[in-house]
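Report on the following structure.
Nothing in this text is a laboratory measurement; each read-out follows from the coordinates by a stated rule. Because the structure is a prediction, the values reported are computed rather than measured. We place every Cβ from the backbone using ideal geometry, glycine too, and count neighbours over all the protein chains shown.
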């Protein structure tokens, strides 16, 4: 398989019946797909399940992709939708906190220090940040997480959310503003 082929060329090969081309698409996009799902679900096991289902859905639906070069954004939209559906289903069965989501980043918030009080403060802030993220409207949360945390380009976020780049900018702006309101006192400490 030509690793130098564009996503559009690989999509054309998949449609022509060459499954190895889809393997290359998986290799290219599995890390980002997992990152998006994990940020939305907060649990590795759930994210792995969703990503696997997303790739199956992408494979079976690839013929419906109108812009083969936009495969990455299309795939991230599938991952986002499946993650949100999974999360909604999980919430109906049980309330699971998404503490894992920022728990892995709590060390970064606390710095690379071995100081237990700093680690605890980082974990607490991570928990507060996660609760604040959960209060954001879905589109704001998705745009903010994909753009700020996962560092996806605005165009890719727009494709994943099926909206304009301007809408992504607005959602990120509004999400940050709302987070500042929700975390007000905690940000001043």
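Below are the figures for this structure:
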read-out	value
Cα coordinate range in segment 136-189, projected on the principal axes (Å, largest first)	37, 17, 15
Nearest-0.05 FRET efficiency for residue 165 and residue 57, computed from C-beta distance (R0 22 Å)	0.30
Residue 134 paired with residue 49, simple spin-label distance in nm, labels 7 Å along Cα-to-beta-carbon	1.8
Expected-Rg normalisation [2.2 N^0.38 Å, Cα atoms] applied to segment 1-96	1.13
Neighbour-count ranking [beta-carbon atoms within 10 angstrom, fewest first] of 123, 18	18, 123
Chain lengthening between residue 18 and residue 177 when straightened (0.36 nm per residue, less Cα-Cα)	52.5 nm
